[in-house]
Amino acid sequence: MMEYTRVTTLAEVKDLTVDQLDFLINDEANSIGMLLAHMVSVEKAYQIDTFENRDFTEEDIQLLNPALELGEAAREQIKGNPIEYYLEELEQTSKKTIDTFQTLPDSWLFETAPYWGGEPMNKYFKWFHVFEDELNHRGQIRLIKKLMRASEK
């Protein structure tokens with residue numbers, strides 16, 4: 001499911017220019033480039049949480065942001081990158097995820113630990129959330145592309 005989600009995301013963005021990746025609908029919006037960087041940061045965050053079974057360090061937070069939280073800092077810092085930059089980041093992050101999954105028993109997915117609000121959550125749900133997040137942002141990417149085309153007319 002994760003691999004299919006990624007293939008369909010890549011199909012949406014593979015031919016975008018830097019200007020298209022940086023396009024903002026308004027001053028508070030996320031660009032497509034920001035959303036792609038966010039997908040990478042979310043996946044890396046869950047790699048830390050589930051593969052390394054640990055809380056984030058300050059170094060991790062510096063690595064994951066501003067893409068994880070998005071907002072003004074992301075608008076200022078995540079721009080000017082060609083699509084190849086985002087595709088490479090997505091590919092390398094996904095490769096680590098898939099390679100690690102292949103080393104783990106299926107039972108690993110059902111291990112639970114306290115998570116949001118201290119509620120027990122298994123790793124299966126956590127990884128479902130990773131590609132659920134990507135699917136939601138891919139929908140935003142499609143909307144941004146439509147609005148971008150409309151603004152060009």
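The values are calculated or read from the model by the stated rules, or taken from the named source; none is laboratory data. What you see is a predicted model; the values in this text were computed from it and never measured. With ideal geometry, Cβ positions are generated from the backbone for all residues, glycine too; neighbour counts draw on all protein chains shown. In case anyone asks, the SASA skips ligands and DNA or RNA and just uses the protein heavy atoms, side chains included. Shrake-Rupley method; radii C 1.70, N 1.55, O 1.52, S 1.80 Å.
Of all residues in segment 91-127, those that are in contact (Cβ under 8 Å) with a residue 12 or more places away in the chain, open to solvent by 80 Å² or more (accessible area, probe 1.4 Å) and not acidic (Asp, Glu) total 3.
Could you go through segment 87-101 and let me know if any residue there is over 17 Å from residue 134 (Cβ atoms) and outside any helix (DSSP H, G or I). No: zero hits.
Take the conditions (1) among the aliphatic types (A, V, I, L, M); (2) more than 21 Å from residue 129 (Cβ to Cβ); (3) in contact (Cβ under 8 Å) with a residue 24 or more places away in the chain; residue 73 misses just one of them, which is (3).
Of the helices (runs of 4 or more DSSP H) that lie entirely inside segment 15-68, those containing 3 or more residues that are out of contact with any Gly (no Cβ under 9 Å at 6 or more places or on another chain) span 32-46, 58-64. Going through segment 32-70 one residue at a time, which ones are open to solvent by less than 40 Å² (accessible area, probe 1.4 Å), in contact (Cβ under 8 Å) with a residue 40 or more places away in the chain and either more than 24 Å from residue 2 (Cα to Cα) or charged (D, E, K, R) (or both)? If the condition is that a residue be open to solvent by less than 40 Å² (accessible area, probe 1.4 Å), in contact (Cβ under 8 Å) with a residue 40 or more places away in the chain and either more than 24 Å from residue 2 (Cα to Cα) or charged (D, E, K, R) (or both), then 43, 49 are the ones that fit. Counting only residues that are closer than 21 Å to residue 102 by Cβ and at pLDDT 95 or above, segment 53-70 holds 0 of them.
One residue stands out among those in segment 16-27 that are modelled with pLDDT of 95 or more and not aromatic (Phe, Trp, Tyr): the one that is nearest to residue 72 (Cα to Cα), which is 24. Only a single item in (1) in contact (Cβ under 8 Å) with a residue 60 or more places away in the chain; (2) assigned to a helix (DSSP H, G or I); (3) loosely packed, with under 10 Cβ neighbours inside 10 Å is not met by residue 8, and it is number (3). For segment 141-153, the candidate set comprises residues that are exposed (fewer than 15 other Cβ atoms within 10 Å of the Cβ) and either closer than 20 Å to residue 11 by Cα or in contact with an Asp or Glu (Cβ under 9 Å, 6 or more places away or on another chain) (or both); within that set, the residue that is modelled with the lowest pLDDT is 149.
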